[in-house]
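Here is the structure we will look at.
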Amino acid sequence: MDDQEQSSPSDPTRRAFLLSMGSTAAAAVIAGCAPVRPAPPSGSPATADGPNIHGAVPLTLRINGKDHHLRVDPRATLLDCIRETVALTGTKKGCDHGQCGACTVHVNGRRVNSCLSLALMHDGEEITTIEGLGTPDSLHPMQAAFLAHDGYQCGYCTSGQIMSAVALLKEPCGPADAAVKELMSGNICRCGAYQNIVAAIQQVRKNS
């Protein structure tokens, strides 16, 4: 058989050779871009809340009065650390762009959108989540008021609403409902329970 009509396995065509080389080069590029996580050196210390992570940095998050000694990706948000690393899932991830308020927590007594804040910014600071506000047997007055006034429907935004409402108690706010609505405007309720939410907040303010 003529060599030009068909190549044998031991005599590959130019096209097959180029395809083979291209696949090898692509594999090398992919391998070079893939994240490499070498095993930690023998005897390296493990953190109290998980193993060492390649590229991570040490961090202490004091959440609800308890210190969590972590190693986290420097790009990790406070929200993701609270939910994924510390496993306190009462704080919700809604828009993840600081627009809905579902992720609201307190840092040193002030409310923040935890989805917009890097965890590293809060090393050693006092962080309070909805889990640290009250318990089923001992509700915070704001939690009790939300129950009494039915200030929730689906409940997804409720933890953020309550955290903002508690922070509002310590902020300058006029007595009218309109003033409360203004200070709560960063928290969105897609179910539309705003009237009941304002009523709950006003009850707590009246009794404070």
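Taking the numbered list (1) at pLDDT 95 or above; (2) open to solvent by less than 80 Å² (accessible area, probe 1.4 Å) in turn, K181 passes all entries but (2). The set of residues in the range 101-137 that are assigned to a strand (DSSP E or B), of a type outside the set (A, V, I, L, M), at pLDDT 95 or above and open to solvent by less than 80 Å² (accessible area, probe 1.4 Å) comprises T104, H106, R111, N113, T128. Take the conditions (1) open to solvent by 80 Å² or more (accessible area, probe 1.4 Å); (2) part of a helix (DSSP H, G or I); (3) touching a helix residue (DSSP H, G or I) at 6+ places or on another chain (Cβ under 9 Å); Q202 misses just one of them, which is (1). For H97, the test of being under 24 Å from K181 (Cα atoms) and either hydrophobic (A, V, I, L, M, F, W, C) or out of contact with any Gly (no Cβ under 7 Å at 6 or more places or on another chain) (or both) is passed. Could you list, ordered by first residue, the pairs with Cβ atoms under 7 Å in which the first is in the range 180-208 and under 11 Å from Q153 (Cβ atoms) and in contact (Cβ under 8 Å) with a residue 24 or more places away in the chain and the second is among the acidic types (D, E) and open to solvent by 50 Å² or more (accessible area, probe 1.4 Å), at least 6 apart or interchain? Correct list of pairs: N196/D150.
Considering only the range 142-167, how many residues are assigned to a helix (DSSP H, G or I) and crowded, with 18+ Cβ neighbours inside 10 Å? Selection size over the range 142-167: 14.
Please work out which residue is farthest from A56 (Cα to Cα), limiting yourself to the range 72-100 and to residues that are surrounded by fewer than 15 Cβ atoms within 10 Å (Cβ to Cβ) and touching a residue at least 12 places away in the same chain (Cβ under 8 Å). Per the criteria, the residue is Q99.
The values are calculated or read from the model by the stated rules, or taken from the named source; none is laboratory data. These numbers were taken from a predicted model, which means no experiment stands behind them. Cβ coordinates were reconstructed from backbone atoms using ideal geometry, including for glycine residues, and neighbour counts include every protein chain displayed. SASA here: full protein model, heavy atoms, side chains in, ligands and nucleic acids out. Shrake-Rupley method; radii C 1.70, N 1.55, O 1.52, S 1.80 Å.
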